[in-house]
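So the structure is just underneath, and the comments pick up after that.
Read the figures in this text as sums done on the coordinates, not as results from a lab. Remember, it's a predicted structure, so these values are computed and weren't measured experimentally.
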């Protein structure tokens, strides 16, 4: 593993342990040349996936793009990082186990929207507005109407604080 600080190829693993959901290995590394310390994650990759964009262009699948999109949609929302990581891992597992080596960008977007719908309604609407390319306020209204007509999902068990005025 190349050192991100000095570029040396000779780094040493100081600690390895599985992540909380056991989907990857977290490794703490140190560079003997510059003394820099950094963390890497090792994940199983079942197959190389290719994403077919709407334009027809083909690019390698990058799970980090999903994570970046989710970070934008979930900005200032009360969703814990481990829940987001589990959602991304689930999406990647679904894609890898589908048997297809080429996946459309639309398929990925739909999986992300399904996951966000169960994670956070506001983030779902934010993501959908970009993914579906909303042009008017009416587009938001239609999506919110769809959400309003779905059965209620149970709220996470958290103590609610109420203020007396």
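Using only the Cα atoms of the range 50-148, what semi-axes does the equivalent ellipsoid have when each is the square root of 5 times a gyration tensor eigenvalue? Give whole Å, largest first.
Values: eigenvalues 105, 61, 26 Å².
Working through the eigenvalues yields semi-axes of 23, 18, 11 Å.
Could you give me D for the range 1-76, from Stokes-Einstein at 37 °C and 0.692 mPa s, where the hydrodynamic radius is the Kirkwood radius over C-alpha pairs? Units µm² s⁻¹, please.
Values: Rh = 15.2 Å.
For the chosen part, D equals 216 µm²/s.
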